[in-house]
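Student: Okay, here's the structure, questions in a sec.
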């Protein structure tokens, strides 16, 4: 398991352009009908531009060669009608294409966001939120352009290019060779520059993700930034990242423009040669004036479409670079997922068993060693020990935030790896020191524990959590928005809302991770009283550094360096030599009162 994660963290080799585009266009499967319709409409509009030079040829000859006014009038009306029809068809095709593009972006973001929620905590512990956000927004937008607008434009320009070439050859093959000889060098230039552009496009997306991540980290931690007066430091850090993005974008721009300039120069030389040779042919009587006009139009068509195809080539390379970042996410699998045939766990009693459990985040760094213990239904068990001993890791195995690499965790005698994770987590409530509230109302944050709860249920849970009184004192009561991460509330208030959320969940297993460690004495008393109500008749596992909060636990497990080194009640453990007594003596005086 760990080896696979290490492999995934390495830079993946880039997909070949064709393979990347194949995967990109796989996203369009639900919209193929609309995309094909938009393509057909676009090709109809392109056909007008193929017919136009022939019409102009006839008009010029009618004026300069035959002096035929009637034919000139009829052709003028015909061309006018063609352009009106083309405008209507073009409008319908463009609207359909843009609708498809927006629908694609919406669905792709939904799929990617849903996939992110399927991944485990191990994945998120190694990712930056800003980078993931950038992939959801910037990278998806880049792919959208490639699979809709650019794709249709590619087919249209290929049709225009081939059609113009064919008609030029039919009119005069000798003059056609002047233009066609420029195609091989343009192809070589496109292949060389395309690889550079794709590499730089990937770098631009990475740099953009860096700037997003830095900004999001600083803004979400603005209280820390201001507490340490690090505004200037954060500005410089963001400025440096933006400057790197600018440098990379300029390198891509320089390469793209060099490519464009080279292609444009080749075709302008060919057009000048064509104009000279065609002019000589008209003077010699081999071509008519209308033939030369048609040739010049077709030559401009070819030059414009080869230039357009060159630009599309860079666009597809940019999309391929962005798509690689999306595929990395879509191809990432969760280490913890429902096994085939997993069944929902029925209503549990709350018995928990760790049977010879070992765990490591990385292959060479074991956190837990051979943990074995049984927790009875309704029992309150405290986990104590020095920082880094493995307490939180052990707690995280119960809701399957992680899976052990050896041993079994059972609930009510059933191996939890064989049940569906939703049915398991629906019966577990977690309250931690770092309370996570959403930028929603108090009501919505509490009902996050049970979405179908009524207002009466919410208020009852708030009363049990000692939160109802302070909630009513807020500007809009239960409809007050708490701010991002609950910034409008104090630590104690946030903690009590979190407890109300857990009470509303009515889970049989309760996991408390340092739930009162950062509170003042008054808030701690209110929170502890609420926790006592929450813990009643529930299987509870408590992590606490303040040993005063776990003295009344039914049992205390002392964990050190990933092993259970002592077990018993507070009085028994304090009475004998060992790690628990050492920890306690740092926090209590001789009478047992917290210092």
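Values quoted throughout were computed directly from the atomic coordinates according to the rules given, and no laboratory measurement underlies them. Because the structure is predicted, anything quoted here is derived from the model rather than measured. Ideal geometry is used to build each Cβ from the backbone, glycine not excepted, and the neighbour counts take in all protein chains shown.
Student: What number does segment 162-251 give for Rg over Rh if you use C-alpha atoms and the Kirkwood radius?
Tutor: Checking Rg against Rh, the ratio lands at 1.44.
Student: Provide the packing ranking of 391-399, 367-375, i.e. peptides ordered by the mean count of other C-beta atoms within 10 Å per residue, highest first.
Tutor: 391-399, 367-375
Student: Right, next: Once you keep just the Cα pairs under 8 angstrom separated by 6 or more residues, what percentage relative contact order results for the chain?
Tutor: With pairs under 8 Å counted, the relative contact order is 14 percent.
Student: Next question. Going highest first, how would you order 78-89, 546-557 by mean Cβ packing within 10 Å?
Tutor: Packing proxy ranking, top to bottom: 546-557, 78-89.
Student: Fewest first, what order do 228, 123, 359 take by the number of other Cβ atoms within 10 Å?
Tutor: 228, 123, 359
Student: Here's something else I'd like to know. Would you kindly work out the equivalent ellipsoid of segment 70-179 from its C-alpha gyration tensor and give its semi-axes, the square roots of five times the eigenvalues, largest first in whole Å?
Tutor: 48, 20, 8
Student: Oh, and also: Could you work out the relative contact order of segment 13-330, using alpha carbon pairs under 8 angstrom and six or more residues apart, expressed as a whole percent?
Tutor: Across segment 13-330, relative contact order equals 33 percent.
Student: Rounded to the nearest 0.05, what FRET efficiency do residue 247 and residue 74 give with R0 = 60 Å and r taken as the Cβ-Cβ distance? Could you check?
Tutor: Taking R0 as 60 Å, the efficiency between residue 247 and residue 74 is 0.50.
Student: Any idea what Rg and Dmax come out to for the chain if you just take the C-alpha atoms, in Å?
Tutor: Both quantities, over Cα of the chain: 34.8, 120 Å.
Student: Next up: I need to check one value: relative contact order of segment 290-413, counting alpha carbon pairs closer than 8 Å and at least 6 residues apart, in percent.
Tutor: It comes to 27 percent, rounded to a whole number.
Student: Could you work out Rg/(2.2 N^0.38 Å) for segment 486-572, with Rg from alpha carbons only?
Tutor: 1.16
Student: Here's another thing I want to ask about it. Please find the FRET efficiency linking residue 456 to residue 109, where r is the Cβ-Cβ separation and R0 is fixed at 35 Å, and quote it to the nearest 0.05.
Tutor: Result of the calculation: an efficiency of 0.45.
Student: Given the convex hull of the Cα atoms of segment 13-330, what is a quarter of its surface area in nm²?
Tutor: On the way: hull surface 81.6 nm².
Averaged projected hull area, Cα only: 20.4 nm².
Student: If you project the alpha carbons of segment 121-208 onto the principal axes, what extent comes out on each, in Å, largest first?
Tutor: That works out to 67, 25, 18 Å along the principal axes.
Student: Also, I was wondering about something else. With n ≥ 4 as the cut-off for DSSP H runs, can you work out [θ] at 222 nm for the chain, using -39500 (n - 2.57) per run divided by the number of residues, rounded to the nearest 500?
Tutor: -20000 deg cm²/dmol
Student: Given the peptides 318-327, 337-346, arrange them by the average over their residues of other C-beta atoms within 10 Å, most packed first. Don't skip to the answer; put the middle values down first.
Tutor: On the way: 318-327: 23.6, 337-346: 12.4.
In descending order of packing, they fall as 318-327, 337-346.
Student: Sticking with this one: Percent of alpha carbon pairs in segment 433-506 separated by more than 18 Å?
Tutor: Within segment 433-506, distances greater than 18 Å cover 24 percent of Cα pairs.
Student: Another question about this same structure. Taking neighbour counts of Cβ atoms within 10 Å as a proxy for exposure, in what order, fewest first, do 408, 293 appear?
Tutor: The order, fewest Cβ neighbours first, is 408, 293.
Student: Right, another one. Quick one: order 226, 111 by neighbouring beta-carbon count within 10 Å, fewest to most. Don't skip to the answer; put the middle values down first.
Tutor: On the way: 226 11, 111 14.
Result, fewest neighbours first: 226, 111.
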